[in-house]
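*Asks:* Structure below; questions to follow.
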Amino acid sequence: MREFSTDPVTLTGNNSNKKRHEIREYFHHTFNLFEKIFELLKEDEVFYKKSEPTRHPMIFYFGHTATFFINKLISMNLIQKRINREFESIFAVGVDEMAWDDITSSHYKWPQVQDVRAYRNQVRELVDSLIMHIPLTLPITEDSGMWIILMGIEHERIHIETSLVLHRQIPLEFVKEVKEFNICTQTGEAPQNSMTVIPSWHVELGKEKNHHLYGWDNEYGKYIEDVKEFQASKYLVSNGEFMEFVKDGGYETPEFWDEEGQKFLQISGAKHPPFWHVENGVYQYRTLSAHIHMPYNWPVDVNALEAEAFCRYKSQKEGVRYTLPSEAEYRALYEYCGLKDLPEFDDSQANLNFTHYFSASPVDRFMFHGIGDVVGNVWQWSRTPFFGFEGFEVHPAYDDFSVPTFDDKHAIIKGSSWASSGNLIMKHARYAFRKHFYQNAGFRYVISSNEKEIILENEDIYESDALVSQYCEFQYGDEHFGVKNFANECARIASSFAVNKTKALDLGCATGRATFELAKEFDEVEGIDFSVRFVQVGAKLKSDGYVAFSSKEEGDLLIHKKLSVEELGYEKLKEKVSFWQGDACNLKPNFSGYDLVMATNLIDRLYNPMLFLQSIEERINENGILVITSPYTWQESSTSKELWLGGFVDKEGNEVKTIQTLKDILGKKFELIHLQDLPFVIKESARKFQHTISQLSVWKKK
């Protein structure tokens with residue numbers, strides 16, 4: 001189906017105008033294909049149905065990819081004006097079962113499908129114009145405005161695939177056939193699987209910043225492993241091979257499932273893979289829009305827990321230890337088979353990029369050096385938990401793409417599927433999902449003596465994240481030079497002015513210390529921060545009962561610290577706090593009804609502080625309190641200069657101070673009742689500290 005396949009855009013070249021047109025074509029192809037797959041939904045009413053309980057209704061995903069463009073362009077100061085504030089709030093986050101993903105139905109009033117379609121058209125026009133007019137030099141690098149455009153395109157490519165998975169999970173009565181979506185007709189008995197020896201291989205994972213293709217932050221850096229000789233299954237595990245496990249009672253035998261797997265079985269009640277359908281004892285297979293006779297020679301679609309259980313079953317049955325391959329072993333297999341990366345890779349030789357089908361195909365159809373489906377057909381689960389390579393750095397535009405999944409709960413998938421395109425089919429692509437998630441994913445098994453594992457359960461990602469660790473030290477670390485803990489003092493002062501203490505909001509909560517402190521006085525406290533890297537610290541303190549971080553002493557020397565919820569005195573406060581990712585300039589409607597809103601060192605880091613000031617009043621109860629702290633350190637990297645509230649000379653030659661602007665704006669709805677300076681100290685190392693004076697203002701709603 002070549003009309004749906006396309007090659008990703010390279011970052012290199014010597015003709016900027018030609019590159020703009022390449023990106024423009026790639027963007028529209030992506031946008032069109034994304035909208036095309038939603039034609040599978042029989043009618044607009046289906047957009048409001050969930051494919052399964054832990055997901056939003058389909059309308060969320062339809063709007064999400066368009067709002068992603070706008071939210072990223074806004075946050076990186078590439079545009080100043082929103083298209084639809086409401087859409088860009090409700091469609092912003094909530095796709096991975098994180099603690100801060102809010103899928104509570106009562107918190108959302110979903111718009112009409114026709115309105116979302118119209119919105120998508122507006123986004124299309126805006127992005128099209130930006131592609132043709134924003135500054136562009138070649139090669140395109142991470143600090144280029146065009147990189148953000150490519151980020152939005154590749155993000156939508158991801159959701160083309162994940163949305164197709166969700167569509168396959170919706171009951172058939174709610175979907176229809178799309179004639180252009182060609183389903184493979186080559187079905188039959190499964191080939192006999194066997195093992196192939198893969199020789200020892202020196203593996204180097206990760207790519208350089210000057211690579212010629214777009215990459216997500218987790219792809220950069222370096223990881224080296226000398227992989228010893230191992231054996232890999234010739235084919236992906238087929239429906240036919242997996243049927244043996246099902247008929248031998250694999251889903252009813254607890255010893256084949258680990259603790260997480262047994263919990264999955266209890267919750268799901270699964271007796272077979274999700275895309276199998278049993279009617280009168282006859283197994284059928286679910287494609288995008290139909291049940292067909294079981295294609296025993298196609299790869300089985302399972303989650304990681306099912307794949308692991310099969311390996312334990314096969315190990316017990318044959319007396320040989322089978323496991324899923326590691327990420328490094330997969331790369332050894334890839335290199336052994338001589339595969340080339342894009343654009344040299346010939347996608348006609350694999351079932352990916354929609355080149356052949358909108359479905360899987362026989363496991364012995366596409367062979368590479370005698371091994372089936374090294375890439376394509378279905379993703380392949382690995383035994384490696386997601387982690388960052390040496391030198392990993394988050395991209396400031398999307399700091400929550402990778403870091404929240406470095407938690408030992410997400411397993412890496414490799415190799416791409418029939419529904420993969422763009423970055424998803426690149427050599428260095430790294431994606432990970434929770435083990436109970438379903439993708440277009442299956443597996444192959446290995447016999448391996450490679451024991452090197454990536455162990456994350458005793459390592460917190462924010463221990464190795466310098467900025468987050470610094471904030472943890474600031475909020476949970478020692479006091480210095482007689483200056484009291486800033487988070488605690490802010491919470492104490494703010495609480496003293498609140499008359500009613502039912503509900504509070506800690507806006508710009510960072511790592512969550514003040515959120516817990518406010519819970520000593522308030523019945524309910526919500527902590528919101530734009531950065532998931534910060535939000536996850538408070539969320540982890542609530543869920544796992546501790547906060548861990550590293551404090552820089554000198555050079556590369558660190559002190560590792562860990563505080564329990566009991567040591568902090570918060571054990572009885574955990575149920576009173578919740579943490580969410582959010583944009584202070586465009587909060588979701590459900591964030592309202594507060595007796596206190598505390599915005600700590602926030603306004604001079606917002607992309608449009610005026611939006612925050614003009615909208616915060618509607619979220620505060622009558623006689624409620626707004627507390628703002630800020631050192632007023634305005635910088636153009638955070639806020640375009642024309643949007644600063646102070647720190648400049650106006651056209652009449654007058655010096656403009658932030659506090660006066662706050663009085664002018666907030667004075668219409670609030671009364672300024674208290675003003676004071678509040679110092680804070682941030683440790684950079686054992687002998688270097690930042691000493692700053694923040695101004696704290698207290699405003700009472702009239």
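The values are calculated or read from the model by the stated rules, or taken from the named source; none is laboratory data. Treat the numbers as computed from the prediction; the structure is a model and nothing was measured. Note: ideal-geometry Cβ built from the backbone for every residue, glycine included; neighbour counts use all protein chains shown.
Per-residue answers, yes or no, for (1) at pLDDT 95 or above; (2) within 18 Å of GLN122 (Cα to Cα); (3) in the same structural domain as THR287 (by TED's automatic domain parsing):
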| position | (1), (2), (3) |
| --- | --- |
| HIS21 | yes, no, no |
| GLU25 | yes, yes, no |
| LEU33 | yes, yes, no |
| LYS36 | yes, yes, no |
| PHE47 | yes, no, no |
| LYS50 | no, no, no |
| ILE59 | yes, yes, no |
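*Asks:* What are the residues in the stretch 131-150 that are more than 17 Å from LYS18 (Cβ to Cβ) and more than 20 Å from the chain's Cα centre (by Cα), if any?
*Replies:* Taking the stretch 131-150 first, the residues more than 17 Å from LYS18 (Cβ to Cβ) are 141-143, 145, 147-148.
Selection gives THR141, ASP143, GLY145.
*Asks:* On to the next question. If you go through the stretch 547-585 one residue at a time, how many are more than 18 Å from ARG513 (Cα to Cα), free of Cβ contacts under 8 Å to residues at least 24 places away in the same chain and in contact with a strand residue (DSSP E or B) (Cβ under 6 Å, 6 or more places away or on another chain)?
*Replies:* First pass over the stretch 547-585, keeping only residues more than 18 Å from ARG513 (Cα to Cα): 552-560, 583-585.
Of the ones still in play, those that are also free of Cβ contacts under 8 Å to residues at least 24 places away in the same chain are 555-559.
Subset that is in contact with a strand residue (DSSP E or B) (Cβ under 6 Å, 6 or more places away or on another chain): 558-559.
Number of matching residues: 2.
*Asks:* Kindly evaluate ASP346 against the criterion of being charged (D, E, K, R), out of contact with any strand residue (DSSP E or B) (no Cβ under 6 Å at 6 or more places or on another chain) and touching a residue at least 60 places away in the same chain (Cβ under 8 Å).
*Replies:* On the way: charged (D, E, K, R): yes; out of contact with any strand residue (DSSP E or B) (no Cβ under 6 Å at 6 or more places or on another chain): yes; touching a residue at least 60 places away in the same chain (Cβ under 8 Å): no.
No, not satisfied.
*Asks:* HIS277 versus (1) in contact (Cβ under 8 Å) with a residue 40 or more places away in the chain; (2) over 30 Å from PRO404 (Cβ atoms): which is the lone unmet condition?
*Replies:* (1)
*Asks:* Assigned by TED's automatic domain parsing to the domain that holds ARG605 and surrounded by 15 or more Cβ atoms within 10 Å (Cβ to Cβ), is that true of ILE659?
*Replies:* Yes.
*Asks:* Take the conditions out of contact with any Cys (no Cβ under 9 Å at 6 or more places or on another chain), under 30 Å from MET146 (Cα atoms) and either in the same structural domain as VAL446 (by TED's automatic domain parsing) or touching a residue at least 24 places away in the same chain (Cβ under 8 Å) (or both) and apply them to GLU208. Does it pass?
*Replies:* Judged against the criteria, GLU208 is a match.
*Asks:* May I ask you to list pairs of residues, at least six apart or on different chains, whose Cβ atoms are under 7 Å apart, with the first in the stretch 184-204 being touching a residue at least 24 places away in the same chain (Cβ under 8 Å) and the second being assigned to a loop (DSSP other than H, G, I, E, B) and exposed (fewer than 12 other Cβ atoms within 10 Å of the Cβ)?
*Replies:* THR196/GLY370
*Asks:* Does the stretch 680-702 hold any residues that are surrounded by 15 or more Cβ atoms within 10 Å (Cβ to Cβ) and under 18 Å from ALA599 (Cβ atoms), and which are they?
*Replies:* Pass one, the stretch 680-702, residues surrounded by 15 or more Cβ atoms within 10 Å (Cβ to Cβ): 680-683, 692, 694-701.
Once the filter is applied, which keeps residues that are surrounded by 15 or more Cβ atoms within 10 Å (Cβ to Cβ) and under 18 Å from ALA599 (Cβ atoms), the stretch 680-702 yields PHE680, THR692, SER694, GLN695, LEU696, SER697, VAL698, TRP699, LYS700, LYS701.
*Asks:* Has the stretch 663-671 got any residue that is exposed (fewer than 14 other Cβ atoms within 10 Å of the Cβ), out of contact with any helix residue (DSSP H, G or I) (no Cβ under 8 Å at 6 or more places or on another chain) and within 22 Å of LEU78 (Cα to Cα)?
*Replies:* no
*Asks:* What residue, of GLU35, GLU45, is under 26 Å from TRP418 (Cβ atoms) and surrounded by fewer than 21 Cβ atoms within 10 Å (Cβ to Cβ)? Step through it out loud before you land on a result.
*Replies:* On the way: GLU45 fails: under 26 Å from TRP418 (Cβ atoms).
Residue meeting the stated conditions: GLU35.
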